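The values are calculated or read from the model by the stated rules, or taken from the named source; none is laboratory data. Note that this is a predicted model, so its numbers are computed, not measured. Reconstructed Cβ throughout: ideal geometry from the backbone, glycine too, with neighbour counts over all protein chains shown. Surface areas here come from the heavy atoms of the whole protein model, side chains and all, with no ligands, DNA or RNA. Shrake-Rupley method; radii C 1.70, N 1.55, O 1.52, S 1.80 Å.
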Amino acid sequence: MSLRISKRLKRLLTSILVVSAISASAYLLGWSSLLSVAQVSVNGSGAANLVLNELSRNGIEPKPGDQLARVDVRSIKRTLNQLDWISSSDVSRNWFNKKVSIVVQERVAIAKTISVQNASVNFDSKGFIFTPTSPNQLMAQGKLPSVTSQSRSNEDLTAIATLLEQIPSDLRYLLLDLESISITKSSFILMDTRLNASTLRINWGGATDIGQKSKVLTALLKLPENKAIKQVDLSQPDSPIVS
């Protein structure tokens, strides 16, 4: 009989200890100042204030004194990744130094244009269209080559984005010295860039068959007789014209 009571008592004590441990952990994580945010850092951008303001506007800005366990890491990352001027973000919290770290990567523009809404927009090297927002992005506007379109339609912007996105890695050096991109009334995309210290104009035609046109262009640029090439017409990739 005493053995049964002893076992019941042990089980009762074990249950009390488990419940107490869970309660203590919940208090420590959710209410105790021992695990509150000591510091919030934003790295990778000179627009930390814009990042924090956006989080504040959504009610998820982490602040010193907040409980670490209540910092909504997923919501913070999701909110930042929805900003078009940011290409990626990472959010972490360190339980030892009680620091919340936010790291963002800004989009880097390679060209600019004016949208149908008469707003300044940029293209990154992958063809993504975004609004320059951070101080670094705004400062770069004066040095960016312009994209011009006679119709200034969304279709033209989409065509350029498609081209930039599909240019293969072995031809992306042509974007480093990009001078301008324009679209004709017939929707042909003309790209002016630098090659061997000289201007090279590439007529891509429409934003179709970019893979085939890129292979043709790569082959043409490798030919010794094309070292002084000035223009390439790829509008009909089966019959390219070089001058």
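Values as computed for the structure displayed
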{"read-out": "Residues that are basic (Lys, Arg) and part of a helix (DSSP H, G or I), drawn from the stretch 52-78", "value": "Arg57, Arg70, Arg74, Lys77, Arg78"}
{"read-out": "Residue in the stretch 172-194 that is most open to solvent (accessible area, probe 1.4 Å), counting only those that are part of a loop (DSSP other than H, G, I, E, B), closer than 18 Å to Ser125 by Cα and out of contact with any Lys or Arg (no Cβ under 6 Å at 6 or more places or on another chain)", "value": "Leu176"}
{"read-out": "Selection status of Ser169, without any contact (Cβ under 8 Å) to a residue 24 or more places away in the chain, loosely packed, with under 14 Cβ neighbours inside 10 Å and not assigned by the TED database to the domain that holds Trp85", "value": "yes"}
{"read-out": "Residues of the stretch 63-86 satisfying the condition of being free of Cβ contacts under 8 Å to residues at least 40 places away in the same chain and touching an Asp or Glu at 6+ places or on another chain (Cβ under 8 Å)", "value": "Lys77, Thr79, Leu80"}
{"read-out": "The stretch 108-164, residues that are touching a helix residue (DSSP H, G or I) at 6+ places or on another chain (Cβ under 7 Å), aliphatic (A, V, I, L, M) and assigned to a loop (DSSP other than H, G, I, E, B)", "value": "Val116"}
{"read-out": "Long-range neighbours under 8 Å by Cβ, at least six apart or interchain, first residue under 15 Å from Thr193 (Cβ atoms) and modelled with pLDDT of 95 or more within the stretch 218-242, second in a helix (DSSP H, G or I) and charged (D, E, K, R)", "value": "Thr218/Asp170; Leu234/Lys213"}
{"read-out": "Number of the exception - Ala197 against (1) under 30 Å from Ala47 (Cβ atoms); (2) open to solvent by 80 Å² or more (accessible area, probe 1.4 Å); (3) among the small types (Gly, Ala, Ser)", "value": "(1)"}
{"read-out": "Filter result (surrounded by 15 or more Cβ atoms within 10 Å (Cβ to Cβ) and in a loop (DSSP other than H, G, I, E, B)) within the stretch 209-243", "value": "Asp209, Ile229, Leu234, Ser235, Pro237, Pro240"}
{"read-out": "Evaluation of Ser151 against (1) surrounded by 13 or more Cβ atoms within 10 Å (Cβ to Cβ); (2) of a type in the set (Gly, Ala, Ser); (3) over 17 Å from the mean Cα position of the chain (by Cα) (one fails), failing number", "value": "(1)"}
{"read-out": "Test for Gly206: is it open to solvent by 20 Å² or more (accessible area, probe 1.4 Å) and more than 29 Å from Asn49 (Cα to Cα)", "value": "yes"}
{"read-out": "Members of the stretch 67-91 that are open to solvent by less than 60 Å² (accessible area, probe 1.4 Å) and over 30 Å from Ala140 (Cα atoms)", "value": "Gln67, Leu68, Ala69, Val71, Val73, Ser75"}
{"read-out": "Residue in the stretch 133-145 that is among the hydroxyl-bearing types (Ser, Thr, Tyr) and out of contact with any Leu (no Cβ under 9 Å at 6 or more places or on another chain) present", "value": "no"}
{"read-out": "Options Ile102, Ile60: the member that is crowded, with 16+ Cβ neighbours inside 10 Å, touching a residue at least 40 places away in the same chain (Cβ under 8 Å) and of a type in the set (A, V, I, L, M)", "value": "Ile102"}
